[in-house]
Amino acid sequence: MVRTTFIELNSRGFTDIVDITESVRRAVIESELTEGLAAVFVPGSTASVTTIEYEEGVIEDLRQAIERLVPSDIPYRHDARWQDGNGFSHVRAALLKPGITVPFRDRTLLLGTWQQIVFIDFDNRPRKRRIIVQLVGE
Amino acid sequence: MVRTTFIELNSRGFTDIVDITESVRRAVIESELTEGLAAVFVPGSTASVTTIEYEEGVIEDLRQAIERLVPSDIPYRHDARWQDGNGFSHVRAALLKPGITVPFRDRTLLLGTWQQIVFIDFDNRPRKRRIIVQLVGE
Amino acid sequence: MVRTTFIELNSRGFTDIVDITESVRRAVIESELTEGLAAVFVPGSTASVTTIEYEEGVIEDLRQAIERLVPSDIPYRHDARWQDGNGFSHVRAALLKPGITVPFRDRTLLLGTWQQIVFIDFDNRPRKRRIIVQLVGE
């Protein structure tokens with residue numbers, strides 16, 4: 001059985017990191033499925049999904065690491081061609097990839113105690129986003 | 001239901017980035033499945049799969065970012081031991097990981113408008129590659 | 001059909017890279033499934049799963065690349081707040097992400113000849129770990 005649902009949210013962009021665990025959990029509980037995979041996937045090329053301990057300190061550590069690895073203040077060819085100014089957003093999203101797949105059982109996501117599912121918006125402006133949660137199981 | 005198909009392509013190596021969206025789309029359309037997960041996975045330890053806006057500028061930006069993050073011109077122990085010269089390829093592939101899982105519905109991949117699925121060949125020579133597309137759904 | 005199993009192991013932490021291919025293979029063989037997805041997922045926010053050629057040289061190359069990209073010897077806000085000393089572990093795990101999804105067919109993981117599935121423990125101490133292997137298929 002397959003159930004496809006959506007999470008809608010407003011993000012601020014600029015590596016805004018949003019905890020979406022409760023929304024994914026609700027998608028599982030509101031389905032008839034008890035065991036299977038929850039694919040969390042962002043359609044779009046300037047955002048990503050991963051997991052982290054959603055704690056203010058490490059959230060800022062992750063933001064700084066990403067800025068160090070893929071700086072926003074160096075020239076990007078994407079910007080030279082399209083004047084979007086979000087070349088760094090595209091590169092970050094391609095490296096962090098658009099989704100994750102989380103197993104669930106007994107209607108419960110099999111996450112660690114301190115592990116949350118987060119959406120990261122790398123774009124250079126606020127965005128209204130629709131994230132896909134697709135459940136495949138029984 | 002599960003359907004496993006393959007994409008065959010020739011790549012040039014050296015972070016060749018190839019748009020495979022149409023091939024994945026075809027695998028979905030040619031299956032009897034209407035809704036589920038498309039796992040796109042590269043068997044091999046010197047290549048990866050991700051998504052990006054397939055636009056010449058940002059493709060080159062991604063290539064340069066990868067060269068900056070995992071340089072090809074520093075010594076690797078893999079090369080010292082095996083004389084393969086592709087130590088950087090292995091490290092890049094391990095960091096970017098071998099696959100992604102994309103949801104589809106109504107026989108349509110749920111990608112963003114400017115989001116393409118790409119195969120990245122990190123190896124240091126041209127390769128004939130076979131990428132797996134496995135559909136799981138109903 | 002869905003089958004959820006677990007791999008238990010002791011790791012040393014500090015980017016300990018452990019080959020778990022045989023355990024995942026066994027999970028497939030011991031299930032009744034012949035074709036589908038094997039999701040390998042670590043519950044916890046200081047570890048990851050990827051694939052690599054499990055060879056001593058490239059394992060050390062990967063460890064050095066990760067140390068270069070997310071150094072253990074710079075200050076992290078997580079540590080300032082919680083005195084855990086493992087801020088770098090959290091950032092590494094968020095960037096490398098908690099799992100991978102590997103297709104199998106004819107009860108065989110569709111990996112490359114030199115491609116192994118590895119668990120990476122980024123934490124700053126030895127840990128007893130339980131990794132999830134969830135099979136979805138037929």
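Against the definition (within 10 Å of chain C (Cβ to nearest Cβ) and crowded, with 18+ Cβ neighbours inside 10 Å), how does A:A39 come out, yes or no?
So A:A39 passes the test.
May I ask you to list pairs of residues, at least six apart or on different chains, whose Cβ atoms are under 7 Å apart, with the first in region A:51-75 being over 14 Å from C:L96 (Cα atoms) and the second being part of a helix (DSSP H, G or I) and small (G, A, S)?
A:G57/C:A80; A:V58/C:G87; A:D61/C:G87; A:V70/B:A65
Tell me the residue from A:E22, A:E8 that is surrounded by fewer than 17 Cβ atoms within 10 Å (Cβ to Cβ), part of a strand (DSSP E or B) and under 16 Å from the mean Cα position of the chain (by Cα), please.
Unique residue meeting the criteria: A:E8.
Among what's in region C:81-91 and is facing chain A (nearest Cβ under 9 Å) and surrounded by fewer than 24 Cβ atoms within 10 Å (Cβ to Cβ), pick the residue that is farthest from A:R63 (Cα to Cα).
Result: C:W82.
Do we have B:A94 as closer than 30 Å to C:G36 by Cα, modelled with pLDDT of 95 or more and more than 10 Å from chain C (Cβ to nearest Cβ) here?
No, not satisfied.
Taking the conditions exactly as written (away from chain A (no Cβ under 12 Å), within 16 Å of the chain's Cα centre (by Cα) and not in a loop (DSSP other than H, G, I, E, B)), does C:I100 satisfy them or not?
no
State the number of residues belonging to region C:80-91 that are touching a helix residue (DSSP H, G or I) at 6+ places or on another chain (Cβ under 6 Å) and either closer than 23 Å to A:G99 by Cβ or in a helix (DSSP H, G or I) (or both).
Number of matching residues: 4.
If you go through region C:117-132 one residue at a time, how many are more than 19 Å from C:Q64 (Cα to Cα) and over 11 Å from the mean Cα position of the chain (by Cα)?
So the answer is 3.
Can you pull out every residue in region B:121-136 that is at the interface with chain C (Cβ under 10 Å from one of its Cβ atoms), out of contact with any Ser or Thr (no Cβ under 7 Å at 6 or more places or on another chain) and crowded, with 24+ Cβ neighbours inside 10 Å?
The answer is B:V136, and nothing else.
Being out of contact with any Cys (no Cβ under 7 Å at 6 or more places or on another chain), in a loop (DSSP other than H, G, I, E, B) and among the small types (G, A, S): is that true of A:G57 here?
Here the answer is no, as A:G57 does not meet what is asked.
Among the numbered conditions (1) under 16 Å from C:K128 (Cα atoms); (2) in a loop (DSSP other than H, G, I, E, B), tell me where C:V49 comes up short.
Against the list (1) under 16 Å from C:K128 (Cα atoms); (2) in a loop (DSSP other than H, G, I, E, B), C:V49 comes up short only on (2).
Can you name the number of the only condition in (1) within 21 Å of C:I100 (Cα to Cα); (2) touching a helix residue (DSSP H, G or I) at 6+ places or on another chain (Cβ under 8 Å) that A:T101 fails?
With (1) within 21 Å of C:I100 (Cα to Cα); (2) touching a helix residue (DSSP H, G or I) at 6+ places or on another chain (Cβ under 8 Å) applied to A:T101, the lone miss is (2).
Any idea how many residues of region B:62-85 are closer than 17 Å to B:S48 by Cα and either touching an Asp or Glu at 6+ places or on another chain (Cβ under 7 Å) or aliphatic (A, V, I, L, M) (or both)?
5
Which of the residues belonging to region B:53-80 are within 9 Å of chain C (Cβ to nearest Cβ) and either within 19 Å of A:E67 (Cβ to Cβ) or surrounded by 15 or more Cβ atoms within 10 Å (Cβ to Cβ) (or both)?
B:L69, B:V70, B:Y76, B:R77, B:H78, B:D79
Which members of region A:103-116 meet the condition of being among the polar types (S, T, N, Q) and over 17 Å from the mean Cα position of the chain (by Cα)?
First pass over region A:103-116, keeping only residues among the polar types (S, T, N, Q): A:108, A:113, A:115-116.
Residues satisfying the conditions are A:T108, A:T113.
Output the qualifying pairs, or none if there are none: Cβ atoms under 6 angstrom, residues six or more apart or on different chains, first residue in region B:103-115 and more than 7 Å from chain A (Cβ to nearest Cβ), second residue among the β-branched types (V, I, T) and surrounded by fewer than 16 Cβ atoms within 10 Å (Cβ to Cβ).
Cβ pairs passing all conditions: B:R107/B:I29; B:R107/B:T34.
The values are calculated or read from the model by the stated rules, or taken from the named source; none is laboratory data. On a predicted model such as this, the values are computed, not experimentally measured, just so you know. When we count neighbours, we look across all protein chains shown, and the Cβ atoms used for this are built from the backbone with ideal geometry, even at glycine.
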